[in-house]
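Peer 1: The structure that follows is given in the form of structure tokens.
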Amino acid sequence: MESGQRVDRQAIHTELEHARTEFHALLDTATEAELAKPTDGTRWTNEQLLFHMLFGYFLMLPLLVLMRVFGRLPRWAGRGFARLLNAGTRPFDVVNYLGPLGGARVFGRRRMGAAFDRVSVWLHRRLDAESESGFALGMHYPARWDPFFHEFMTVADLYRYPTQHFDFHRRQLTLTAGD
């Protein structure tokens, strides 16, 4: 975000709500057989990938906390932390893969929908409470962890992250719903 540029909160609200609505449509119309089918381009089933998509929104709380801490420290501290996390990309990839295997089982269709609703309400409230100067706070990120993480990200960038992640993975689902 450039200095002095205002964040379009309504655009982010719209993106969040569109993803929430689409997530429910996918869950509500998918059959059990479709949820068990493999996805296109991942090793997950549709249900596991849906959990992974939801998890991108769950990550916002710890990501915002990290941003608040490292965004106030000297840039070298955040750069070093990002380098350390990038060095741990292989273990991260394993955990990132295994998480949805268990998460989809534990949550299931009904609980995933309710969880998406709760995290959406929280994100809408946080977005409304964010100060304009708060959106400009930034830090270095482990860009090797996710194609939507950049070397340096602001709070404004972070609010856009989960929906970018959602939209990317939406294309990998092999569900007939929403097509």
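Peer 1: Can you give the extra length, in nm with one decimal, that the chain gains between Gln5 and Asn96 once fully stretched, where that is 0.36 nm per residue apart less the Cα-Cα distance? Don't skip to the answer; put the middle values down first.
Peer 2: On the way: separation 91, 0.36 × 91 = 32.76 nm, distance 3.43 nm.
Length gained between Gln5 and Asn96: 29.3 nm.
Peer 1: If you count only protein heavy atoms with a 1.4 Å probe, what accessible area per residue comes out for segment 112-168, rounded to a whole Å²?
Peer 2: Working: 2330 Å² over 57 residues.
Computed with neighbouring chains in place, this is 41 Å² per residue.
Peer 1: If you don't mind, another one. Report the calculated FRET efficiency for Ala114 and Ala77 (r = Cβ-Cβ distance, R0 = 41 Å), to the nearest 0.05. Present the calculation step by step, with values, prior to reporting the outcome.
Peer 2: Numbers: r = 38 Å, r/R0 = 0.92.
With R0 = 41 Å, the Cβ-Cβ based efficiency is 0.60.
Peer 1: With θ set to phi - 60° and the Karplus curve 6.51 cos²θ - 1.76 cosθ + 1.60, what are the ³J(HN,Hα) couplings of segment 141-150 in order, to the nearest whole Hz, using x for Gly and Pro?
Peer 2: Result, ordered by residue: 10, x, 4, 6, 7, 7, x, 9, 8, 10 Hz.
Peer 1: Just by accessible area at a 1.4 angstrom probe, what is the order of Trp44, Trp122 from largest to smallest? Show your work: numbers first, answer last.
Peer 2: Details: Trp44 20, Trp122 80 Å².
Accessible-area ranking of Trp44, Trp122, largest first: Trp122, Trp44.
Peer 1: Extension gain Trp122-Thr176, at 0.36 nm per residue separation less the Cα-Cα distance, in nm? Could the numbers behind the result be given before it?
Peer 2: Details: separation 54, 0.36 × 54 = 19.44 nm, distance 2.97 nm.
Contour length minus Cα-Cα distance gives 16.5 nm.
Peer 1: Of Gly113, Gly134, Gly78, which is the most mobile in a GNM of the chain whose springs link Cα atoms less than 10 angstrom apart?
Peer 2: In the Gaussian network model the winner is Gly134.
Peer 1: Just to be sure I follow the definition: excluding the sites themselves, where is the longest run in the chain that has none of the GluC sites (Glu not before Pro) in a DSSP loop with at most 15 other Cβ atoms within 10 Å?
Peer 2: Numbers: sites that count: Glu2, Glu151.
For GluC sites (Glu not before Pro) (loop position, at most 15 other Cβ atoms within 10 Å), the longest site-free span of the chain is 3-150.
Peer 1: Can you give me the relative contact order of the chain as a percent, contacts being Cα pairs under 8 Å and 6 or more apart?
Peer 2: Values: 190 pairs, mean separation 71.8, N = 179.
Result for the chain is 40 percent.
Peer 1: Hey, what number do you get for the chain at 222 nm if only DSSP H runs of n ≥ 4 count, each worth -39500 (n - 2.57), divided across all residues, to the nearest 500? Intermediate results must be reported in sequence, preceding the final value.
Peer 2: Values: 8 runs with 125 residues, N = 179.
Roughly -23000 deg cm²/dmol at 222 nm, from the helical runs in the chain.
Peer 1: Right, another one. Taking trypsin sites (Lys or Arg not before Pro) as candidate sites, keep only those in a DSSP loop with at most 13 other Cβ atoms within 10 Å, then name the longest stretch of the chain containing none of them.
Peer 2: Working: sites that count: Arg6, Arg43, Arg72, Arg171.
Result for the longest clean stretch: 73-170.
Peer 1: Could you tell me the distance between the Cα centroids of segment 91-138 and segment 36-79, to the nearest Å?
Peer 2: Going from one Cα centre to the other spans 8 Å.
Peer 1: A further question follows. Can you work out ³J(HN,Hα) from phi for every residue in segment 99-115, in order, using Karplus 6.51 cos²θ - 1.76 cosθ + 1.60 and θ = phi - 60°, giving whole Hz and x for Gly and Pro?
Peer 2: x, x, 4, x, x, 5, 5, 5, 7, x, 4, 5, 6, 5, x, 5, 5
Peer 1: Top mean-square fluctuation among Pro100, Pro38, Pro162, Gaussian network model of the chain, C-alpha springs under 10 Å?
Peer 2: Looking only at Pro100, Pro38, Pro162, the largest GNM fluctuation is found for Pro38.
Peer 1: Quantify, in whole percent, the carbon and sulfur part of the accessible surface of the chain (1.4 Å probe; protein heavy atoms only).
Peer 2: Numbers: 5560 of 9520 Å².
Exposed carbon and sulfur together represent 58 percent of the surface.
The values are calculated or read from the model by the stated rules, or taken from the named source; none is laboratory data. None of the values given here were measured: they were computed from a predicted structure. When we count neighbours, we look across all protein chains shown, and the Cβ atoms used for this are built from the backbone with ideal geometry, even at glycine. Accessible surface is based on the protein model in full, side chains and every heavy atom, while ligands, DNA and RNA are left aside. Shrake-Rupley method; radii C 1.70, N 1.55, O 1.52, S 1.80 Å.
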